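Reading through the structure tokens given below for one structure.
Bear in mind that the values in this text are calculations on the coordinates, not laboratory data. In this text, all values refer to a predicted model and were calculated from it rather than measured experimentally. As a convention, Cβ positions derive from the backbone with ideal geometry for all residues, glycine included, and neighbour counts pool all protein chains shown.
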Amino acid sequence: MMLLKGKIALLTGAGSGIGRAAALAFAREGAQVIVADIVGADETLGMVKSAGGTGVALKCDVTSFAEVETLIQTAVRTYGRIDCAFNNAGIESSIKNTADVSEAEFDRQIAVNLKGVWLSLKYELPQMVKQGGGAIVNTSSGAGIGGAPGWSAYSAAKHGVIGLTRCAALEYAGKGVRVNALCPGPIDSPMGKRIAAQNPGYKELLIAHTANGRLGRPEEVAEAALWLCSDAASLVNGLIMPVDGGITAA
């Protein structure tokens, strides 16, 4: 049974990594996908179509009010509604102590990883209320659940995503909209590979602290997002779900 058959799904940060894996998974399960990112969206859509799926690719900078508003308007103009959204766009940070983070670095983390999620919610929520309901999944991080030494700005932004998720879940539950968040642990994604390349030994350190003894795969996070967006999770709202191989359990 296709979990998202006939659904319209919007995914940000879908040009690579977890977002690309999610676009492929959502399309596999019957959704028409709106693939959004600054770069890579066209390539992801090509992969979706090669696998037999359908959708459109749109360029969007999630830090821009105008671009996010246009993204939602275009999606609705194209398909008439948005049944589910995966607000996944995000960036990594350099590893440094809190006092060594520059103002520009801090502002960039907040702009992409927190404001970008808020802007997406700002335009998705009214549309879903208007159409009678929907499901939203935001990407936080294991660094949004606990402290992450060397990642203060990133961690602050991801903690903020959890706050946004919980507030929106409570505010819109009575209007038919569910809002949940995923908290991935170390993932073998393009972002993870960049971090590993810039910090020799860091990948091995992460694996050593993972109960499963390995990095996660983007596809594993995508399957969690897929389930949360589906009607199979109809009673799940305001959930902060670690997808980390057991790291936060420790």
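A Förster radius of 25 Å, combined with the Cβ-Cβ distance separating M1 from S234, puts the computed FRET efficiency at roughly 0.95. Calculated translational diffusion coefficient of the chain (20 °C, 1.002 mPa s; Stokes-Einstein with Kirkwood radius over alpha-carbon pairs) equals 120 µm²/s. Farthest towards the positive end of the charge dipole of the chain, among the residues G6, S94, M47, is the Cα of G6, using unit charges on the Cβ of Lys, Arg, Asp and Glu. Each part gets one Cα centre, and for region 182-250 versus region 67-127 those centres are 19 Å apart. Summarising the amide proton neighbourhood of I187: residues at separation of 5 or more, or on other chains, whose placed amide H is nearer than 5 Å comprise G216.
Defining a contact as two alpha carbons under 8 Å apart and six or more residues distant in sequence, what relative contact order in percent does the chain show? It comes to 20 percent, rounded to a whole number. With the highest mean first, a sort of the peptides 79-90, 128-139 on other beta-carbon atoms found within 10 angstrom per residue produces 79-90, 128-139. Coupling constants for region 129-140 follow from the phi torsions by the Karplus curve (6.51 cos²θ - 1.76 cosθ + 1.60, θ = phi - 60°), and in residue order they are 4, 4, 8, x, x, x, 9, 10, 10, 9, 9, 9 Hz; glycine and proline get x. Amide H contacts of A85: L10, A135, I136, V137, each under 5 Å away and 5 or more positions distant or on a separate chain (H built 1.01 Å from N in the peptide plane; Pro and chain starts excluded).
For the pair L170 and E219, label points projected 7 Å from Cα toward Cβ lie 3.9 nm apart. For the chain, C60, C167, C183 have no disulfide-compatible partner, since no other Cys C-beta lies under 4.7 Å from theirs. Along the axis of the charge dipole computed for the chain (Cβ charges of +1 for Lys and Arg, -1 for Asp and Glu, origin at the Cα centre), the listed residues G30, A197, T74 are led at the positive end by G30.
Residues in region 198-204 carry Karplus couplings, in order, of 7, 9, x, x, 5, 4, 5 Hz; the curve used is 6.51 cos²θ - 1.76 cosθ + 1.60 with θ = phi - 60°, and Gly or Pro positions show x. One chain, two ends: E204 and Q131. Fully extended at 0.36 nm per residue, the span grows by 21.6 nm beyond their Cα-Cα distance.
Applying D = kT/(6 pi eta Rh) to region 133-191, where Rh is the Kirkwood radius over alpha-carbon pairs, T corresponds to 37 °C and eta to 0.692 mPa s, the Stokes-Einstein value obtained is 269 µm²/s. For region 220-226, backbone phi angles converted through the Karplus equation (6.51, -1.76, 1.60; θ = phi - 60°) give residue-by-residue couplings of 5, 6, 4, 5, 5, 5, 4 Hz, Gly and Pro being listed as x.
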